Structures are given as C-alpha cells and as structure tokens.
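Read the structure below first, then the notes.
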Amino acid sequence: MPPRRLRRASATRAPREQNPRTVRSDRVRVGVIGGGQLARMMIPAAIELGVDIRVLAEADGMSAAIAADRVGDYTDASTVLAFAREVDVITFDHEHVPQDVLRALVDAGVAVRPGPDPLRFAQDKLLMRERLSELGLPVPDWARIETPAELDEFIAAHGGAAVVKTPRGGYDGKGVRVVRTAAEVAEWFAAASEDGRDGALLVEELVDFRRELAQLVARRPSGEIVAWPLVETVQVGGVCSEVIAPAPHSAGRMSDVAAEIAFAVAEGLGVTGVMAVELFETTDERILVNELAMRPHNSGHWSTDGATTGQFEQHLRAVLDLPLGGTGTHADWSVMVNVLGGPVEGTLADRYADALAQHPTVKLHNYGKAPRPGRKVGHVTAIGDDLDAVVYEARAAAAAFQD
C-alpha cells in the first residue's frame, strides 16, 4: 500500500534544544539508561545504523544485558556521569532518572534527549496535566487534591465516581484507582504527604470511552516531526494486551486530530525522540489525552515489523538529530499481541519448535525475561490485508507461548 506519512518541519513554533549537537561521526555512541526490553529492542536498530549502543543497566541479567557494559544506580549522579562520558548522547529505557541527575548531565555538557525539562512532565502527572491544560489540549476534567474532603467533593460533582492517580511512579495500571469515596485511597494521601508533596494526588473524571487509542510521533532537536498511523490499544487489567495499526475506522478527521494533538504535545513540551500519546475516544465524540510516554512505547512495537521505519530506529535517528524515516506501512493491517506471563514451566524458547512451525508468518520478539504471571515477556506481530485473519494469527501465536 502507498506509505502513509505525516511530516512537517516546525522550526517557527517548536521549542528548540539549547545548543543542539548533531552527531555525524562514522561511529557514534548512544548511551541508554535502563536495561529493560526497550533498550534491548534498540540494539538491532543500532547495529543496522552502525551506531555503537551502550547500556547502563540496573542489575545483571536484564533484558538488554548483551549491550550492558555497565551496571549501576541510575539515581546516582556520579555513576551516570561516568557512563555518559563514554558516549555522544544519552537517552532512556524509562523516565525515572531523577531531575537532579538529569540536570547534572546537562551542566556537564552532555546531550540528553529527551532533556530534563520535557521529562519532568512524564515523571509527574500533575505537572503534565497542568502543562497540557495551559497548551489548550483536550484532557479529562481534573484537579489537584490534597485532602480527602477535596476528593469527595470532586467525586460528588462528577457522578459519584472518579479516577485517582499517584503523580509519580505509576505504570501498567499501578498507581491508578477508580474510587467512589476518599477512604479508598487513604494510604495514598499518607504516602504523598510523607514524600514531601503535601498529600497531593491527581483526580480525573471517569471518562466514558468507546476505546483507547495511541498516537506515536518522533521529533528531532532541529524541529522535524513525523507521525505513524493512529492505533487502537486493548487493555487487560490495566496492561496493554493488543495493538491494532491503524485503528479501525479512524481514517480522516480522527487520525488528523490525533496527530495534531501529538504534534502540539511534542512541540509544546520540547520532546526529542519517540513519544507516545495515549488517548481516549469518548462516547460523546471527544479525543482526550490520557497519558504520555517520552520513549519508545508498547503501542509502537508493531512498527518494527509493520512500518517502513520502526520506532526504535526512529528514536535513534531522532536523538542523533538525523533525518527521520518514513512511517508508511507494509500492509493494510499490523496487529501486535503481548505475551503476558509466559509458560508456567520452562521458557519461551522451549515453545519455539511448535509455535514457530504453526505460525511461520508471525514475528516473535523475546525479551529474555523469566516467565512470571502478568509480566510482559515478549510480543508477536502479524501483518496482512485481512484484519480478522491478522488478529486471529497474532492471538494464536501469542497463546502458543503462554499458559
């Protein structure tokens, strides 16, 4: 099919990185903080680009161990600075590096992409909601709450239920709770008070949505920005289970609106690299921003096999300030299904002989993790021109690797 590509240079409006440094050496070195599966999946893309990728892992034996030449504490500035001195640019497997460590890197002249300013919005949901609201972007009705009484008042004004989120640290459904009384999050108020945030939590309206969507974009320091097709995500227990690209029945206005929202977020926050904007399609025809991820994201895993340029290659291009690749698709449909938990006994590799023989057109990505209930241990991607057939094949292949 013809490549679908949204692309624009936004030099007149985009906040530029201060003193952006385009790396043009024949052997550039990218340092990734964090040794999880996202760092692991950057490795093949780095090899293809001839980029020397190095990983600061949190512990031995993590997913990206093959490229982990250092193991250390990413919250310790001296450890991170020592790692950064050996590379040309620093990027991330996750968004949890403390601000003081990020600032120390910038002060030392290290190219940090994305930088501390945009990352603070990914690290703190309250700051994120405040900034998106300032930019006039569509978000659920929300409030910063510091007391149970404030929460009960918000709940009463929003139909008797609301969503409460811890501002920091939540992921895959953790730190998110639907409540009908403040008593249901009493321990969260106590914990927030103890960490110096005066008991502040984020409360949002309980959105009545038809489905969840995600818009992936990538942006260079010099301002070029591209978008992949809008996708539909299916959540199970707060964890992403499936991704369908493109989102069914999204062509036209919906795709255009989602891309414009994501462009505005990336430009307004000064993001460099890949960013995922998770969205709600509501029953009253709104598109609302739910969450942000300033790194490659589960909703973009399909792109490695289904798009001209996968998100991991694109992320490397972006953080190195290289021209961004095409975002067209290889087939009408791509479906990614996570392998959650894995087999009760043994490893994913123990299932290879049967599973790969039964599903020769499906691509498997093994994260090198020990199986554990609910854990993302890998994913499969199927592509083709018949959506029902592609969904069936992807689900069947994923099921072959889990009990």
Close pairs (7 angstrom Cβ cut-off, 6 or more residues apart or separate chains): assigned to a loop (DSSP other than H, G, I, E, B) in the stretch 281-298, open to solvent by 30 Å² or more (accessible area, probe 1.4 Å) and of a type outside the set (S, T, N, Q) anywhere: THR283/ASP208; THR283/PHE209; THR283/ARG210; ARG286/PRO138
Selection from the stretch 349-403 of residues that are under 24 Å from ALA307 (Cβ atoms), charged (D, E, K, R) and open to solvent by 50 Å² or more (accessible area, probe 1.4 Å): LYS363, ASP385, ASP386, ASP388, ARG395
Near pairs, Cβ below 7 angstrom, 6+ apart or cross-chain, from the stretch 137-163 (closer than 19 Å to ALA192 by Cα and open to solvent by 30 Å² or more (accessible area, probe 1.4 Å)) to any residue that is among the hydroxyl-bearing types (Ser, Thr, Tyr) and in a loop (DSSP other than H, G, I, E, B): ASP152/THR181
Contacts under 6 angstrom Cβ, first residue in the stretch 172-193 being exposed (fewer than 14 other Cβ atoms within 10 Å of the Cβ), partner in a strand (DSSP E or B) and not charged (D, E, K, R), 6 or more apart: VAL178/VAL163
Set PRO248, PRO221, PRO229: member being surrounded by fewer than 18 Cβ atoms within 10 Å (Cβ to Cβ) and part of a loop (DSSP other than H, G, I, E, B): PRO248
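Could you please let me know if HIS365 is within 23 Å of VAL30 (Cβ to Cβ), assigned to a strand (DSSP E or B) and touching a strand residue (DSSP E or B) at 6+ places or on another chain (Cβ under 8 Å)?
Numbers: within 23 Å of VAL30 (Cβ to Cβ): yes; assigned to a strand (DSSP E or B): yes; touching a strand residue (DSSP E or B) at 6+ places or on another chain (Cβ under 8 Å): yes.
Against the criterion (within 23 Å of VAL30 (Cβ to Cβ), assigned to a strand (DSSP E or B) and touching a strand residue (DSSP E or B) at 6+ places or on another chain (Cβ under 8 Å)), HIS365 qualifies.
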The stretch 305-357: number of residues that are among the aromatic types (Phe, Trp, Tyr) and under 28 Å from LEU49 (Cα atoms): 2
Residue among GLY326, GLY346 that alone is surrounded by fewer than 17 Cβ atoms within 10 Å (Cβ to Cβ), in contact with a Lys or Arg (Cβ under 7 Å, 6 or more places away or on another chain) and outside any helix (DSSP H, G or I): GLY326
Test: SER250 is of a type in the set (S, T, N, Q) and either free of Cβ contacts under 8 Å to residues at least 40 places away in the same chain or touching a Lys or Arg at 6+ places or on another chain (Cβ under 7 Å) (or both): yes
Residue that is farthest from PRO221 (Cα to Cα) [pool: residues in the stretch 273-288 that are open to solvent by 10 Å² or more (accessible area, probe 1.4 Å) and under 19 Å from the mean Cα position of the chain (by Cα)]: GLU281
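The values are calculated or read from the model by the stated rules, or taken from the named source; none is laboratory data. Since this is a predicted model, take the numbers as computed values, not measurements. Positions of Cβ are backbone-derived with ideal geometry, glycine not excepted, and every protein chain shown enters the neighbour counts. These accessible areas exclude ligands, DNA and RNA; they are computed on the full protein's heavy atoms, side chains included. Shrake-Rupley method; radii C 1.70, N 1.55, O 1.52, S 1.80 Å.
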